[in-house]
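One structure below.
Nothing in this text is a laboratory measurement; each read-out follows from the coordinates by a stated rule. These numbers come from a predicted model, not from an experiment. Using ideal geometry, Cβ is built from the backbone for each residue, glycine included, and neighbour counts are taken over all protein chains shown.
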Amino acid sequence: MGFEIEIAQNAGACFGVMRALKMVNEAATLDGQKHTLGPLIHNPQVVDELAKKGVDVANSLDEAREGTLVLRSHGTAPQLVQEAYERGFNVIDATCPYVTKVQRRARELGEDGFGVVIIGELGHAEVEGIRAWGGDAVVAVADTPEKLPAALPAKVGVVIQTTQSQEHVDAVLEVLRRRVTELRVEETVCFATQKRQQSCAELAARADAMLIVGGRNSGNTTRLFEIARARCANSHHFEAADEIETAWLNDVALVGITAGASTPAEHIEAVRTRLVELGGLG
């Protein structure tokens with residue numbers, strides 16, 4: 001008897017990603033060279049598909065040189081944006097509007113005299129962009145309390161990487177409330193991220209196996225995997241349907257599927273189709 005397949009109520013590409021993909025696909029029709037400044041989204045399959053359409057990844061302005069330049073959905077340092085305009089690029093800003101909100105909040109907190117703490121993953125493209133917007137006001141980047149510095153200013157303003165888990169946010173805020181005199185928190189976790197995490201948790205609590213599809217370099221997909229694994233030990237994070245292993249499906253009654261915010265709907269459907277081939281129902 002086959003196993004049931006259930007896709008999480010909220011899964012896959014979010015508004016910001018769909019907006020960015022629409023913009024870059026329109027850019028692909030333009031004449032001349034086309035580049036994204038860094039990978040458009042954290043999904044290697046999508047990046048490869050864009051390359052086939054003539055939109056390559058440039059890791060610097062020098063590498064791009066000329067033509068159309070699409071700014072990645074994770075955001076870009078303001079200094080780079082200004083330089084791109086000055087060099088004469090046709091700039092298309094595909095930054096997610098929710099990320100733009102975080103960038104502006106970081107700058108405003110610094111202008112208001114707060115030291116800025118970014119609750120996020122050090123080195124992540126979105127976080128590095130926010131750091132650039134916050135400038136010298138940024139005093140820390142931390143996704144766990146242990147990563148906070150020993151010394152903090154009396155006045156601290158907090159912005160949050162849009163894809164952070166609520167557990168990480170709550171843990172860092174609990175410590176900050178004890179350590180600073182004045183704390184201003186900008187609630188900048190994306191609502192779409194929250195809904196995906198909640199749906200993942202609900203499904204993982206019932207499933208015998210959880211499959212999380214999305215880029216291995218995607219922070220929000222990795223957090224979905226962490227949430228799923230905490231509730232279902234038989235959880236697996238992969239990028240493409242052909243990576244599914246039959247051993248994951250032994251003695252299961254319900255297989256749950258979810259996907260990161262950088263995962264297009266067709267990638268989710270490919271996973272469902274593969275599971276049906278392996279004995280799944282529906």
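Only lysines eight or more places from Lys147 in sequence, or on another chain, were considered; those with a Cα closer than 29 Å are Lys101, Lys155, Lys195. The slack in the chain from Glu182 to Glu277, taken as 0.36 nm per residue of separation less the alpha-carbon distance, amounts to 28.5 nm. Net charge of the neighbourhood of Leu21, taken over other residues with C-beta under 13 Å away and scored Lys/Arg +1, Asp/Glu -1, is +1. Once the gyration tensor of the Cα atoms in segment 98-189 is diagonalised, the equivalent ellipsoid follows with semi-axes of 17, 15, 11 Å, ordered largest first.
Taking the Cα centre of segment 124-206 as origin and assigning +1 to Lys and Arg Cβ atoms and -1 to Asp and Glu Cβ atoms, the resulting dipole is close to 120 debye. Ordering Thr188, Thr36, Thr246, Thr100 by the number of other Cβ atoms within 10 Å of each residue's own Cβ, fewest first, gives Thr246, Thr100, Thr188, Thr36. Taking a ≥ b ≥ c as the square roots of the eigenvalues of the alpha-carbon gyration tensor, segment 1-115 is classed oblate because a/c is 1.5 or more while a/b is no larger than b/c.
Between the amide H of Leu254 and those of Glu4, Asp208, Ala209, distances stay under 5 Å, these residues lying 5 or more places away or on another chain, with hydrogens modeled in the peptide plane.
The smallest convex shape that holds all Cα atoms of segment 175-282, its convex hull, gives 118 Å³ per residue. Which whole-angstrom value gives the distance between the alpha carbon centres of segment 133-206 and segment 67-93? What the calculation gives is 28 Å, centre to centre. The modelled label-to-label distance for the pair Lys53/Val175, using points 7 Å beyond Cα in the direction of Cβ, is 4.2 nm. Peptides 218-231, 75-88, 128-141, ordered by how many other C-beta atoms sit within 10 Å of their residues on average, highest first, read 218-231, 128-141, 75-88. By the rule of a C-alpha distance below 29 Å, with chain neighbours fewer than 8 residues away ignored, the lysines paired with Lys53 are Lys22, Lys34.
In the calculated pair distance distribution of the chain, what percentage of Cα-Cα distances lie above 28 Å? Of all Cα-Cα distances in the chain, 42 percent exceed 28 Å.
Ellipticity at 222 nm from helices only: DSSP H runs of n ≥ 4 in the chain, each -39500 (n - 2.57), divided by the residue count, give -12500 deg cm²/dmol. Projected label points at Ala253 and Glu86, each 7 Å from Cα along the beta carbon direction, are separated by 6.5 nanometres. Shown is the FRET efficiency for Ser60 and Thr29, computed with R0 = 25 Å from the Cβ-Cβ distance and rounded to the nearest 0.05: 0.50. Comparing segment 1-62 with the 2.2 N^0.38 Å rule of thumb, its C-alpha radius of gyration ratio is 1.48 (two decimals). For a label point 7 angstrom out from the Cα of Ala265 toward its Cβ, which stretches of segment 3-36 have the backbone nitrogen within less than 11 Å? In segment 3-36, the label zone of Ala265 (backbone N under 11 Å from the point 7 Å along Cα→Cβ) covers 13.
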